[in-house]
Amino acid sequence: MSRINPLLVLLLLALLLVVSLVVSLGVGSYARGFADLPALLFGSADSLERAVMLELRLPRALSAMVVGAQLSLAGVMMQALLRNPLADPYVLGVSGGASVAALITLILGFSGFWVAAAAFAGAMINVVLVFGLVSRAGDWSPGRLLLTGVVIASGWGAVVSFLLAVSEGQALKSMLFWLMGDFSHVPAPGWHLLVLLVGLLFAWAVARPLNLVVRGALQAQALGVDPRPLRLGLFLVTSLLTASAVTQAGSVGFLGLVVPHMLRLLIGSDHRWLVPGAALGGATLLLAADTLARTVIAPQQLPVGVITAFLGVPLFLWLLNRNEAQR
């Protein structure tokens, strides 16, 4: 498939993000939506309108944008770190550690802040565990890192299965929603936005070295790039982005794997364009998915991870088949 001008794609994604935000604020189970937006902008909205827009829909929309950008950006860096097109932000077990801690908290009857705090703590425990095992072996090669992460993730998965098997009632439903991604009670992103900005700055700063590292360690070293500290930085920043995303909304799958590939099919593999493109694309896709999740069968809500798969799988397969046909 012929490449599209990367700048044009970024501008289009930015426009789609703005449109998605307006739609997210304007639709919902509350009967009046778009009609309230002008009043809200000019300060003439009543208290109910302001509460619906500013206290319910806007924080949720902003969180969906931040989580989507974090997961897609983490996916770009993880695929470069492991030199594996099937890598996603969860492949090293960050989501598994967060899931185990969050599910235990839900079983104990806690919710809200305590679930988020437990999820972040579980994600950090996984990071320390993987880092310790790989550092002790002294081998930061992609194969060693991937194997260590996959094995630990499998262990977390077994614990998650056990917790689901012994749970019942409302706790089980809450656990399943968390595992599939849920923005029902998410506040405004707050410090998570700072984590996203740090990740963006880091990824942009190492975009050129990433273009070399993905070609192989020997070629990168021949051109003056030491892959070892770069891999360590990628591991830490990617883990932080993933932990922050999981803390906000649970395990929202699919984005970190497919959005980077979609962009590669459209604009190529230059990380100087992939990094901002992934952030915009992930934010747009997850915001649109969350809007559908809370409106398609309103007042009931669907797990947002289900919607991301419904939206992304056919789009990705269409792009892939179109690429092969044009070849």
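Data table
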| quantity | calculated |
| --- | --- |
| Arg136-Ala165 pseudo-label distance in nm [points 7 Å out on the Cα-to-Cβ vector] | 2.7 nm |
| Ranked packing of 56-67, 164-175, 98-109, 245-256, most packed first, by mean Cβ within 10 Å | 245-256, 56-67, 98-109, 164-175 |
| Computed over the chain: relative contact order in percent, which uses C-alpha pairs under 8 Å that are six or more apart | 32 percent |
| Full-stretch length increase - Leu7, Leu176 - with 0.36 nm per residue and alpha-carbon distance subtracted | 56.9 nm |
| Cα extents of segment 6-326 along the three principal axes, largest first (Å) | 64, 50, 37 |
| Within a Gaussian network of the chain (alpha carbon springs, distance under 10 Å), most fluctuating of Asp182, Asp226, Asp88 | Asp226 |
| The chain, helix-only ellipticity at 222 nm - DSSP H runs n ≥ 4, -39,500 (n - 2.57), divided by all residues, nearest 500 | -24500 deg cm²/dmol |
| Mean Cβ count within 10 Å, highest first, over the residues of peptides 187-200, 260-273 | 260-273, 187-200 |
| Computed lengthening from Ser154 to Val19, 0.36 nm per intervening residue step minus Cα-Cα distance | 44.7 nm |
| Distance between modelled label sites at Leu232 and Trp204, nm, 7 Å Cα→Cβ extension | 2.6 nm |
| Highest to lowest packing among 305-313, 289-297, 69-77, 276-284, scored as the average C-beta count within 10 Å | 69-77, 276-284, 289-297, 305-313 |
| Förster-model FRET efficiency, 30 Å R0, Leu56 and Leu108, C-beta, rounded to 0.05 | 0.60 |
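All of the numbers you see were taken from the coordinates with simple rules; none came from a lab. Note that the structure is a prediction, hence the values are computed from the model and not measured. Glycine gets a Cβ as well: all are built from the backbone with ideal geometry, and neighbour counts include every protein chain shown.
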